[in-house]
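What follows is one structure encoded as structure tokens, with my remarks underneath.
Derivation of every value follows stated rules applied to the coordinates shown; laboratory data play no part. Worth saying up front: this structure is predicted, and the values here are computed from it rather than measured. Here the Cβ is made from the backbone with ideal geometry for all residues, glycine too, and neighbour counts use every protein chain on show.
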Amino acid sequence: MSVKKILVSLLGITLTVLFLGSGYCLAETATQKVKKYAETVLTQLAADPAIVKAVVVENAKNKSLDDIKKLDEKWIASDGIPSYVKERMDSPMGKHLAGIRDTQYFFKEIFLMDNQGALVALSDKTSDYWQGDEKKFQRPFQRNAVFVDDVSFDKSAKAFLAHVNVPVKDKGVVVGVITFGIDMDIFWMTPM
């Protein structure tokens, strides 16, 4: 059997392999592969009782949107890792997320959001604190479904990532969102 054509995008967006001669064709985009992975593995991670509890506890604080936006402005303007970022990374949940991140080479960052899109905990510093104005929070929260964002270069992770966003549910009700930053250059080559 001869391989006539192999198309592989540099960003890992599409992987198509076409074998001619035997009539065999295998085609799967990396986005399809990531969505399948999200609907099986990542939804199970989002159901982790510790993750659900951390979101429920954060939601009970009833933070005002004004306070969230003020911290977001401060977060965006900060250099390095200030104490208010470090405390979310070094919290028990931040360490838990870092532990999950370290289980797969293609996980570059994981962050957890409350019911307003404010960060509860994170494995690595993100560009901003409030995700509530972004699709990565809005779509999974409002639609109660996995949302795979377009692949783009993430400055904080320094890689081409697909943000895979999964609703976090408490007794069937969406209470927050967890985002997995997946390095697509590594992911599409990983056997599943």
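Here are some notes:
- Split the chain at each of the trypsin sites (Lys or Arg not before Pro) in a DSSP loop with at most 11 other beta carbon atoms within 10 Å, and the longest piece is 62-154.
- About the centre of its Cα atoms, the chain shows a dipole size close to 420 debye [charges on the beta carbon of Lys, Arg (+1) and Asp, Glu (-1) only; nearest 20 debye].
- Among Phe106, Ile81, Asn62 - extreme Cα towards positive end, dipole of the stretch 32-122, charges at beta-carbon: Phe106
- Computed from the alpha carbon atoms alone, the convex hull of the chain holds 118 Å³ per residue.
- For Asp67, the shell of other residues with beta-carbons less than 12 Å away shows a net charge of +2, using +1 for Lys and Arg and -1 for Asp and Glu.
- Residue range of the chain that is longest and free of chymotrypsin sites (Phe, Trp or Tyr not before Pro) which are both DSSP loop and sparsely packed (at most 12 other C-beta within 10 Å): 106-192
- Computed from label points 7 Å out along Cα-Cβ, the spacing between Thr190 and Lys135 is 2.2 nm.
- Shown for Met93, Met192: other C-beta atoms within 10 Å of each C-beta, ranked fewest to most, produce the order Met192, Met93.
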